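What follows is one structure encoded as structure tokens, with my remarks underneath.
FYI, it's all coordinate maths here, none of it is from the lab. All of these numbers come straight from a predicted model, not from anything done at the bench. Cβ placement follows ideal geometry from the backbone for every residue including glycine, while neighbour counts extend to all protein chains displayed.
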Amino acid sequence: MREADLLGAWILRSFHFEEVSTGRQWEPFGPHPAGTILLHPGGRFFALITPTGRPSPVTEAEQAAAFRDLVAYSGTYRIEPPDRLVTRVDISWFPRWIGTEQLRHCTLDGDDLELVSAPLDMPRGDGEPVAVFARVAWRREVAPPDGAAAVAP
């Protein structure tokens with residue numbers, strides 16, 4: 001895979017975690033999450049993912065919940081053939097990621113892109129960590145010819 005194949009804006013189609021040991025899957029952002037990733041030709045990556053249909057937070061507890069229910073990070077990236085995207089994170093909603101390299105395996109089919117993480121430790125309901133893969137499907141954003149707001153097909 002070449003960098004040129006991935007450049008541009010991508011709109012989220014689906015996101016789920018898959019438990020490494022059992023294959024059990026769940027959607028942490030619900031069935032219709034919203035999100036965008038940008039891969040800039042200058043070597044900058046940006047990602048934002050949130051659930052859809054969230055009410056505007058008013059209380060401090062609602063604001064904390066809204067913060068927990070998102071993913072946002074950015075950094076420089078590189079492509080490692082044949083199919084790896086590596087982001088060196090320099091800003092993140094999750095401070096533990098800052099200074100780390102986030103590895104994603106890429107599968108590209110036309111304007112459809114799937115990114116699969118290396119195993120990540122995520123807390124289970126009982127607070128204990130569980131190893132998961134994050135599987136994220138994207139569709140290339142296509143700019144309309146009249147200059148109106150772009151929409152994923």
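Out of residues 5 or more away from SER14 or on other chains, whose amide H comes under 5 Å of its own, with H placed 1.01 Å from N in the peptide plane?
ALA137
For ALA66 and ALA131 in the same chain, what is the full-extension length gain: residue separation times 0.36 nm, less their Cα-Cα distance, in nm?
Details: separation 65, 0.36 × 65 = 23.40 nm, distance 2.37 nm.
Length difference between fully extended and current span is 21.0 nm.
Please turn the phi angles of segment 58-71 into ³J(HN,Hα) values with the Karplus equation 6.51 cos²θ - 1.76 cosθ + 1.60 (θ = phi - 60°), one per residue in order, whole Hz, x for glycine and proline.
Per-residue couplings from phi come out as 10, 7, 4, 5, 5, 5, 5, 5, 4, 5, 5, 8, 8, 10 Hz.
Could you calculate the contour length gain from THR76 to SER21, that is, 0.36 nm times the residue separation minus the distance between their Cα atoms, to one decimal place in nm?
Details: separation 55, 0.36 × 55 = 19.80 nm, distance 3.12 nm.
Value of the extension gain: 16.7 nm.
Pairs of alpha-carbon atoms within less than 8 angstrom and 6+ residues apart define the contacts here; what relative contact order does the chain have, in percent? Numbers along the way, then the final one.
Numbers: 325 pairs, mean separation 34.4, N = 153.
Relative contact order, the chain: 23 percent.
Report the semi-axes of the equivalent ellipsoid for segment 3-140 in whole Å, largest first, where each axis is √(5λ) for an eigenvalue λ of the Cα gyration tensor.
The equivalent ellipsoid of segment 3-140 has semi-axes of 24, 18, 16 Å.
Counting other C-beta atoms within 10 Å, which of HIS32, HIS16 has the fewest, and how do the rest follow? If you can, show how the numbers build up before the last one.
Numbers: HIS32 13, HIS16 17.
Ascending number of Cβ neighbours within 10 Å: HIS32, HIS16.
So if each residue of separation counts as 0.36 nm, and I subtract the Cα-Cα distance between ARG84 and GLU101, what length gain in nm does that give? Provide the component values of the computation, followed by the final result.
Details: separation 17, 0.36 × 17 = 6.12 nm, distance 1.18 nm.
That works out to 4.9 nm of additional length.
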